[in-house]
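> Submitted below is the structure of interest, expressed as structure tokens.
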């Protein structure tokens, strides 16, 4: 063990997933000397070569490319009075690690939030009576307009080779797409993926009932694509190994396929793996950072001097590094003051499984993002105020994989013995799911801070989550369940089983939902209610920028990656156009 | 024979396949799956790495009840599932768990796994307590019970009706132990044969899963047509 100091760089980027690779290439292309630090291992073409990823046990069960709880655990409690306990095994969410981060193993659903989603506070104030919404709700607007962020969404769509149907082109509603989407400046770069049997059945039934289904917007590309960085993404071959797997066909837009090939060829970019950042080091006045300190694989403590620090790790890691480094005031849910840790939100899901004895769904023949969804039940598009709930969901039939260990069997099937074996023979490949993925509001008592008891292998406190379900989210689940039931009855399966949250449900960290954890270092218009300004710049330490899901003030029903990619590109542009010319706070208070 | 890593298993398979002609067996005319099935270790001669002889007898008997032979689809013993269980527990299973204390054994189930053990300890302690209960209830080890008594014992474990604390096991409960064992057995039955179970890909053939074929561009749009091809495995077996 030694103390080492690296050569100074212009920009140090913590984490080499989507946010880190996009920020790195944008700033390197502007001529800056950029170095990325990734806590996990390097991941190159050999790691994705067929047949290696086609292994459910290694990737789907044993989480081969995820961070281990041993290295990356958090602690969880349901409310302020409980003692939090560590996530000793993963359950409700499974964070990634290594080069590519969660962008390597994501499913590839690249859907945008709506213009209403990004101005939810404004919508809530207009549509709901004062006091109608749940106590302690802390909904906020994103601090930019649709017109400001859309060009960056458009650019990220093109970086990913987004495949699907256009629903709203510059205000014109087009058949086959999502009529509720915000206006796009240009159409989807590529056509939609093929439908599978379940997705076409769902779309037909949903349409019959008056909904507006469209193919899941997909970053598993439907045709060969060359993106704006010059990287090539191959057409998807529907291999069936996507979510939780690296892509064996190089068809899923990921940092590897979409960014890193170009980035690694740049001489002013370098990266280190097994570089676990322990803290951001500040100058004595606390107003600017002078670099970061990381532990390398040999256990050395390495100081990396830098003029700009970009925290681009997973949401949890970014918030934790801000707390450990005292960047901004820690949130206190009792007094309601402070901002770092404020507005943590998760999301909920639910599903009905439909069993059809005489249908062959061939569930293994699918792309990760394969599915049809509709957005009719999203804020502003249904009568939430009459129901007393705010938020929404995408209701969908997706088919992300057909691997057998996770097979669903009809209710009443034996869990083991001959009955289970018969169930597997009779029902594997004969079921489909209709699911809901919901928004999740932010609340005064839901937040992130440092755990007082549990430590990581480097001796630093774990991040603590305080979170539970609120009535708003649970009532929303029950409302959505009825919609799915109507579609189910329209489809007429031999039998079906339901999995939704009851009105008395508590957050169960053993049941997988999605790794779409957001908030904790949110962006906003005021340093009193946000840790970051509209350019993802820390209000308190102006040369620290923090792109990621941490910036969301609450969780919308859309998947987060479109917004994370767009925000990163938006912040990178502000650094290039404004910060480099005049380093200092980009928004005055 | 030690198959704890994929590399050693590959080497083993390869060397055995190469040895087939020398053993007087003709490879010509055999499908790769049949050839691989022939060289996969036989359960009778397999020497467990993790389990001792008494534990191994329990695992063999439990696997046979959890996924029995006969009827439709192969059984756990037909597919070497006990080999998978032994190989996993002899390997790094559980090394990913966060095991820093303090431990709250009475935590609500919604907060997930809170035991101070890796799976190896869960299975070792669980088998020991289950055997002690079988001895007390039936005067014999699990493997020596008749079929009905074995099923009854497993049902009692599953329902948490066996009080492990009466046999000195204060941490692992019978319901939890059963659930962990069942999950591992099902995983071994349905995982790629490279991990030691699903011998000859028989479980995949029975349910109609094509394994690692992983290329369906021509098939994805053929709705409601049964996929016609058998499975392939990571090591190139074809079924």
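> Please find, among B:68, B:82, B:41, the residue that is surrounded by fewer than 24 Cβ atoms within 10 Å (Cβ to Cβ), under 25 Å from residue B:135 (Cα atoms) and touching a helix residue (DSSP H, G or I) at 6+ places or on another chain (Cβ under 7 Å).
Answer to the check: B:68.
> Here's another thing I want to ask about it. Hey, can you tell me all the residues within the stretch A:56-84 that are touching a helix residue (DSSP H, G or I) at 6+ places or on another chain (Cβ under 8 Å) and without any contact (Cβ under 8 Å) to a residue 24 or more places away in the chain?
Listed by number, the list holds a single entry, A:64.
> Working only within the stretch A:559-582, note down all residues that are part of a loop (DSSP other than H, G, I, E, B) and free of Cβ contacts under 8 Å to residues at least 60 places away in the same chain.
A:560, A:581, A:582
> Which condition does residue B:154 not pass, out of (1) in contact with a helix residue (DSSP H, G or I) (Cβ under 8 Å, 6 or more places away or on another chain); (2) closer than 21 Å to residue A:401 by Cβ; (3) at the interface with another protein chain (Cβ under 8 Å from one of its Cβ atoms), if it passes all the others?
For residue B:154, the failing item is (2).
> Looking for whichever is surrounded by fewer than 24 Cβ atoms within 10 Å (Cβ to Cβ), in contact (Cβ under 8 Å) with a residue 60 or more places away in the chain and more than 13 Å from every other protein chain (Cβ to nearest Cβ) here; the options are A:360, A:375, A:343, A:349. Which one fits?
A:349
> Out of all the residues in the stretch A:372-409, which are touching a strand residue (DSSP E or B) at 6+ places or on another chain (Cβ under 6 Å), in a loop (DSSP other than H, G, I, E, B) and closer than 25 Å to residue A:495 by Cβ?
A:399, A:408
> Can you tell me which residue is surrounded by the most Cβ atoms within 10 Å (Cβ to Cβ) among those in the stretch A:234-252 that are in contact with a strand residue (DSSP E or B) (Cβ under 6 Å, 6 or more places away or on another chain) and under 21 Å from residue A:562 (Cβ atoms)?
Of everything passing the filter in the stretch A:234-252, A:252 is surrounded by the most Cβ atoms within 10 Å (Cβ to Cβ).
> Of all residues in the stretch B:54-113, how many are without any contact (Cβ under 8 Å) to a residue 40 or more places away in the chain, out of contact with any strand residue (DSSP E or B) (no Cβ under 8 Å at 6 or more places or on another chain), in a helix (DSSP H, G or I) and within 9 Å of chain A (Cβ to nearest Cβ)?
Summing the residues that are without any contact (Cβ under 8 Å) to a residue 40 or more places away in the chain, out of contact with any strand residue (DSSP E or B) (no Cβ under 8 Å at 6 or more places or on another chain), in a helix (DSSP H, G or I) and within 9 Å of chain A (Cβ to nearest Cβ) in the stretch B:54-113 gives 2.
> Return the residues of the stretch A:359-371 that are assigned to a loop (DSSP other than H, G, I, E, B) and within 20 Å of the chain's Cα centre (by Cα); say none if nothing qualifies.
A:367, A:368, A:369, A:370
> Can you find even one residue in the stretch B:192-200 that is in a helix (DSSP H, G or I), touching a strand residue (DSSP E or B) at 6+ places or on another chain (Cβ under 8 Å), more than 7 Å from every other protein chain (Cβ to nearest Cβ) and on the phi > 0 side of the Ramachandran plot?
no
> Return a yes/no flag: does the stretch A:192-212 have any residue that is closer than 14 Å to residue A:399 by Cα, within 22 Å of the chain's Cα centre (by Cα) and modelled with pLDDT of 95 or more.
yes
> Right, here's the next one. From (1) within 12 Å of chain B (Cβ to nearest Cβ); (2) in a loop (DSSP other than H, G, I, E, B); (3) under 30 Å from residue A:307 (Cβ atoms), pick out the condition that doesn't hold for residue A:39.
Residue A:39 satisfies every listed condition except (1).
> If you scan the stretch A:42-64, which residues turn out to be within 12 Å of chain B (Cβ to nearest Cβ) and buried (at least 23 other Cβ atoms within 10 Å of the Cβ)?
Hits for the stretch A:42-64 are A:53, A:54, A:55, A:56.
> Can you pull out every residue in the stretch B:148-169 that is under 20 Å from residue B:66 (Cα atoms) and in contact (Cβ under 8 Å) with a residue 12 or more places away in the chain?
Of everything in the stretch B:148-169, those that are under 20 Å from residue B:66 (Cα atoms) and in contact (Cβ under 8 Å) with a residue 12 or more places away in the chain turn out to be B:150, B:151, B:153, B:154, B:156, B:157, B:158, B:159, B:160, B:161, B:162.
> Which members of the stretch A:65-90 meet the condition of being out of contact with any strand residue (DSSP E or B) (no Cβ under 9 Å at 6 or more places or on another chain), facing chain B (nearest Cβ under 9 Å) and part of a loop (DSSP other than H, G, I, E, B)?
Matches in the stretch A:65-90: A:68, A:88, A:89.
> Another question, if that's okay. When you scan the stretch B:132-147, how many residues do you find that are more than 18 Å from residue B:159 (Cβ to Cβ) and within 21 Å of the chain's Cα centre (by Cα)?
Total meeting the criteria: 4.
> Return yes or no: is residue B:172 within 22 Å of the chain's Cα centre (by Cα), away from every other protein chain (no Cβ under 14 Å), assigned to a loop (DSSP other than H, G, I, E, B) and within 27 Å of residue B:106 (Cα to Cα)?
yes
Table: residues versus (1) over 19 Å from the mean Cα position of the chain (by Cα); (2) under 22 Å from residue A:396 (Cβ atoms).
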residue	(1), (2)
A:488	yes, yes
A:492	yes, yes
A:521	no, no
A:549	no, yes
A:557	no, yes
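> Still on this structure, I have one more. Mind telling me which of the residues A:454, A:479 ends up being more than 22 Å from residue A:556 (Cβ to Cβ) and either surrounded by fewer than 24 Cβ atoms within 10 Å (Cβ to Cβ) or more than 14 Å from chain B (Cβ to nearest Cβ) (or both)?
Result: A:454 is the single residue among A:454, A:479 that is more than 22 Å from residue A:556 (Cβ to Cβ) and either surrounded by fewer than 24 Cβ atoms within 10 Å (Cβ to Cβ) or more than 14 Å from chain B (Cβ to nearest Cβ) (or both).
> Same structure, new question: For residue A:502, are the conditions met, namely being within 14 Å of chain B (Cβ to nearest Cβ), in contact (Cβ under 8 Å) with a residue 24 or more places away in the chain and part of a loop (DSSP other than H, G, I, E, B)?
So residue A:502 passes the test.
> So which residues in the stretch B:205-229 are without any contact (Cβ under 8 Å) to a residue 60 or more places away in the chain, in contact with a helix residue (DSSP H, G or I) (Cβ under 8 Å, 6 or more places away or on another chain) and facing another protein chain (nearest Cβ under 7 Å)?
Residues satisfying the conditions are B:209, B:210, B:223, B:224.
> Please pick out the residue among A:526, A:514, A:497 that is outside any strand (DSSP E or B), over 21 Å from the mean Cα position of the chain (by Cα) and surrounded by fewer than 21 Cβ atoms within 10 Å (Cβ to Cβ).
A:526
> Regarding residue B:140, is this residue outside any helix (DSSP H, G or I), within 14 Å of another protein chain (Cβ to nearest Cβ) and at negative phi?
Answer is no for this residue.
> When the residues of the stretch A:12-31 are filtered to those that are in a loop (DSSP other than H, G, I, E, B) and touching a helix residue (DSSP H, G or I) at 6+ places or on another chain (Cβ under 9 Å), which remaining residue is surrounded by the fewest Cβ atoms within 10 Å (Cβ to Cβ)?
A:30
> Taking the stretch A:228-253 only, how many residues are in a loop (DSSP other than H, G, I, E, B), more than 24 Å from residue A:516 (Cβ to Cβ) and more than 14 Å from every other protein chain (Cβ to nearest Cβ)?
Total satisfying the criteria: 4.
> Can I ask one more? I'm trying to understand the selection: among the residues of the stretch B:128-149, which are within 18 Å of residue B:51 (Cβ to Cβ) and in contact with a helix residue (DSSP H, G or I) (Cβ under 7 Å, 6 or more places away or on another chain)?
B:129, B:130, B:131, B:132, B:134, B:141, B:142, B:143 - these are the residues of the stretch B:128-149 that are within 18 Å of residue B:51 (Cβ to Cβ) and in contact with a helix residue (DSSP H, G or I) (Cβ under 7 Å, 6 or more places away or on another chain).
The values are calculated or read from the model by the stated rules, or taken from the named source; none is laboratory data. Note that the coordinates shown come from a computational prediction; the quantities given were computed from them, not determined experimentally. Neighbour counts run over all protein chains shown; Cβ positions are idealised from the backbone, glycine included.
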